Structures are given as C-alpha cells and as structure tokens.
Amino acid sequence: MAQVVVLVEQAGDGVAKPSLELLTLARRLGEPVAVLFADPDRAAALAPTLGEYGATAVLSASGPDFEDYLVGPKVDALAQVVAHRQPAAVLVSSGLEGKEIAARLAVRTESGLITDAVDVRAGEDGPETTQSVFAGNWSVTATVTHGTPIITVKPNAVAPEPAPASPQVEPLEVTVADTSKGARITATEPKRSSGRPELTEAAVVVSGGRGTGGDFSEVEALADALGGAVGASRAAVDSGWYPHSYQVGQTGKTVSPQLYVAAGISGAIQHRAGMQTSKAIVAVNKDPEAPIFALADLGVVGDLHTVLPAVADEVAKRK
Ligand code: FAD
C-alpha cells in the first residue's frame, strides 16, 4: 500500500489536533507515515497518540538545525523522505509555517501543490481535493498532475477518527544544506497565554463583532463560562479591539466547533466562510433582520450587553 507522509505539529505536550485530522485523511489514500521534529524521548512519548490515529511509522528528526533555523531544514528533511519513500502524497496543515514548508517542498521536489483543501480523498488519478473558494460559494475539485502531490489542509476539515496502529519511531538522519540555513531564529517569546483553548481546536467559540462597541469583556466572560475560545469579526479586529490572530472568516481562521456564538456580528458572507460548518450556531443581535439569523440554529434578538452576562450567570449557576 502507498505511503502518505503527514507533517506533525505539536501543541503543548501533545500532538496538535489538525495533525490528527491529517492522519485521518491520509488513511483514505494509503498508510500514514508521520514526520515530526522532536528529540527521541518526546518522539517516543508522542508515538502512541500518532499510532492511535493510524500512523504506521513515526520518523523523527531533532537537533539544533531544526531548532535554530526557520523552515529550511524541515524542508530538507521532508524532501529526503519524499525521495526515499515516493509517497502517494504529503499532507501539511494550512498554518503559516505549514504553507511555507509545503510551497518550498513543492518547488524542491518539482511537484504540484494544492493549498487550503477542505477535503482529500482517493481519486482515479491520485489524491483528489476540494477547496472552498469565493467565501464558500464555490467548491473546486483538483488533483496534482506532476510529481508528488503536496497538499495543505485547513484545520477542522474532518473530525479526527482513531484507527489504532503500533508505529515504531525511526530516527531521521537529515543532511541539511548550508543554503537551508539562510534565516536563523534569534529569540523566541512565549505568547501571553489566555488560558483558553486554541481557537481552531475549541469545542466552543464565542465571537464578538462591531456590536460589542469594543468591550470584549462580556464575550470573554461567556467564553470562560463555557470553557471556550474567543473569536472576533474583521470589523472588531480592524477597529483594533481584538488581535488579528482571533479573526474568524475568509481572511481569518476557519472554525468548526460544536457551538459557535456570534455576538453583535451581522453575518457577512466573509465571516460566514469561517464558521458556517459549526455544529450549532447561536446568534445574539439586536437587529431581527440581521443576516446571521438565517444561518443560526438559535437566534436571540437582544442587546448582547444584557444577553451575554445573563447566559454566563446561568451557566455558572448550573456548574
Ligand atoms: P457589522 O456588519 O457592522 O455588524 C454589527 C452587528 O452588530 C449588526 O448586525 C448590529 O445589528 C449588531 N449590534 C450592534 N450593537 C449590538 C448590541 N448592543 N447587541 C447585539 N447586537 C448588536 N469579516 C470577517 O468577520 N472575517 C473575515 O475574515 C473577513 N474577511 C473579509 C475579506 C474581504 C475580502 C472583505 C471585502 C471583507 C471581509 N470581512 C471579513 C468583512 C465583512 O464583509 C464584514 O464587514 C464584517 O464581517 C462585519 O463585521 P461585524 O459583523 O462585526 O460588523
């Protein structure tokens, strides 16, 4: 059976959820082979999780080359894996680093690249992907016609499904070219932690828009009551009320939580593009004609400054 290479990302002490989604998709194409950059102890600690989601082998590279430089050495490692294993595809998560790695890998291996897929499956001519374009109004089906298909997949494209395997960890010896060490990391600073779950991985997301008037404290309080993450519309981000990394939508993040609460958000098509696959959508808006209500499973017509604190209080009482 063909092998499918999955680039694994780590989150805290574990494997990032988008990587488990990639393993789930990779199984549709062949045998998943996980590639990660971690020291041997950490690789051994992560291997059972990767195995639980179907990785048949875990290839791990470590050392200063991977810690001290930007993506160059990782691209070298993946290019060598592609050369040795001739996989049916390489799947990478559609983050900033993932897309840069995928683009460089495609150039290096003279392969076709598909970015931001929301589905991957086996097709007649190799892996077939779906991309959602024009704010979710059109779906494009594509296949790679040259080289090894390199595919970046958006987080939350699929729910991770376990399929237990027992992978061995194999150390990956990589020859890193001098030209791959063109940009060195000079300092890293941990992000100020909010203690909330990562936006794209959270089961509950409470997002605020222009209707908050710039005060996100009620949005944050409800997110905390529900154990969720905070999101924001572009209007809120552009107004400087919340950082861009929390923006949901076409030019922000795509989320697909169990529960999405849109507070003071009108429901513009570009916002919907990032949240319309949420399992349950609750909208709080004082305008009964707001387009978000057409998408919502539950709509509350009211002032979010009254509704959100009331819901947060009620949730707290039931805890
Ligand atoms: P508004 O549209 O101004 O809506 C505010 C809503 O709050 C209104 O419905 C109002 O009734 C309600 N409201 C006001 N006060 C209260 C209150 N006290 N209580 C309850 N409700 C209240 N947008 C995104 O969100 N994400 C993107 O990624 C994105 N990408 C874009 C890309 C492009 C190329 C373009 C052109 C636009 C993009 N936009 C994006 C912008 C998008 O078109 C909208 O402008 C934006 O989503 C509007 O944000 P909003 O809903 O917060 O603001």
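The values are calculated or read from the model by the stated rules, or taken from the named source; none is laboratory data. Keep in mind the model is a prediction, meaning the values are calculated, not measured. Backbone-built Cβ (ideal geometry, glycine too); neighbour counts: all protein chains shown.
When you scan the stretch 149-163, do you find a residue that is closer than 15 Å to A89 by Cβ, of a type in the set (G, A, S) and more than 16 Å from the chain's Cα centre (by Cα), even just one?
Among the residues of the stretch 149-163, not one is closer than 15 Å to A89 by Cβ, of a type in the set (G, A, S) and more than 16 Å from the chain's Cα centre (by Cα), which makes the answer no.
If you go through the stretch 216-241, how many residues are of a type in the set (D, E) and buried (at least 21 other Cβ atoms within 10 Å of the Cβ)? Working first, answer last.
Just the residues of the stretch 216-241 that are of a type in the set (D, E), to begin with: 218, 220, 224, 238.
Keeping just the survivors that are buried (at least 21 other Cβ atoms within 10 Å of the Cβ) gives 218.
Total meeting the criteria: 1.
Of everything in the stretch 286-298, what is more than 28 Å from the chain's Cα centre (by Cα) and closer than 16 Å to Y260 by Cα? Give them in sequence order.
The first filter runs over the stretch 286-298 and keeps only residues more than 28 Å from the chain's Cα centre (by Cα), leaving 286-290.
Matches in the stretch 286-298: none.
When residues of the stretch 221-253 are filtered for being among the charged types (D, E, K, R) and without any contact (Cβ under 8 Å) to a residue 12 or more places away in the chain, how many remain?
1
Quick one: how many residues across the stretch 1-43 are of a type in the set (D, E), without any contact (Cβ under 8 Å) to a residue 60 or more places away in the chain and either outside any loop (DSSP other than H, G, I, E, B) or closer than 18 Å to T115 by Cα (or both)?
So in the stretch 1-43, the residues of a type in the set (D, E) come out as 9, 13, 21, 31, 39, 41.
Still in the list and also without any contact (Cβ under 8 Å) to a residue 60 or more places away in the chain: 13, 31, 39, 41.
Okay, now just the ones that are also either outside any loop (DSSP other than H, G, I, E, B) or closer than 18 Å to T115 by Cα (or both), so 31, 41.
Residues flagged as of a type in the set (D, E), without any contact (Cβ under 8 Å) to a residue 60 or more places away in the chain and either outside any loop (DSSP other than H, G, I, E, B) or closer than 18 Å to T115 by Cα (or both) within the stretch 1-43 amount to 2.
Of all residues in the stretch 132-148, which are part of a loop (DSSP other than H, G, I, E, B), at pLDDT 95 or above and surrounded by fewer than 17 Cβ atoms within 10 Å (Cβ to Cβ)?
Applying the first criterion (part of a loop (DSSP other than H, G, I, E, B)) to the stretch 132-148 yields 134-137, 144-148.
Pick out the ones that are also at pLDDT 95 or above and you get 144-148.
Those that are part of a loop (DSSP other than H, G, I, E, B), at pLDDT 95 or above and surrounded by fewer than 17 Cβ atoms within 10 Å (Cβ to Cβ): T145, H146, G147.
Of the residues that make up the stretch 195-204, is at least one among the aliphatic types (A, V, I, L, M) and at pLDDT 95 or above? So that I can check it myself, show each step before the final result.
From the stretch 195-204, those among the aliphatic types (A, V, I, L, M) are 199, 202-204; that's our starting set.
Still in the running and at pLDDT 95 or above: 204.
Within the stretch 195-204, one or more residues are among the aliphatic types (A, V, I, L, M) and at pLDDT 95 or above.
Of all the residues that make up the stretch 107-130, how many are of a type outside the set (D, E) and in contact with a Gly (Cβ under 7 Å, 6 or more places away or on another chain)?
First, the residues of the stretch 107-130 that are of a type outside the set (D, E): 107-109, 111-115, 117-118, 120-123, 126-127, 129-130.
Restricting the remaining residues to those that are in contact with a Gly (Cβ under 7 Å, 6 or more places away or on another chain) gives 109, 111-112.
Result for the stretch 107-130: 3.
Do any strands (runs of 3 or more DSSP E) entirely within the stretch 226-319 hold 2 or more residues that are modelled with pLDDT of 95 or more, touching a helix residue (DSSP H, G or I) at 6+ places or on another chain (Cβ under 7 Å) and more than 10 Å from the ligand (Cβ to nearest atom), and if so, which? Steps first, please.
Numbers: elements: 229-232, 259-263, 280-285, 298-301.
Fully inside the stretch 226-319 and qualifying: 229-232.
For (1) out of contact with any Ser or Thr (no Cβ under 6 Å at 6 or more places or on another chain); (2) surrounded by 20 or more Cβ atoms within 10 Å (Cβ to Cβ); (3) more than 30 Å from A45 (Cβ to Cβ), each residue gets a yes or a no:
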site	(1), (2), (3)
A106	yes, yes, yes
T130	no, no, yes
I150	no, yes, no
K154	no, yes, no
A157	yes, yes, no
P164	yes, no, no
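Can you name the residue in the stretch 186-225 that is under 20 Å from the mean Cα position of the chain (by Cα) and hydroxyl-bearing (S, T, Y) and is also farthest from the ligand (Cβ to nearest atom) among such residues?
Across the stretch 186-225, the extreme among qualifying residues is S193.
Identify all residues within the stretch 155-182 that are farther than 19 Å from L50 by Cα, assigned to a loop (DSSP other than H, G, I, E, B) and either free of Cβ contacts under 8 Å to residues at least 40 places away in the same chain or of a type in the set (D, E, K, R) (or both); write none if there are none.
Of the stretch 155-182, the ones farther than 19 Å from L50 by Cα are 173-182.
So of that shortlist, the ones also assigned to a loop (DSSP other than H, G, I, E, B) come out as 173-177, 182.
Hit for the stretch 155-182 is E173, nothing else.
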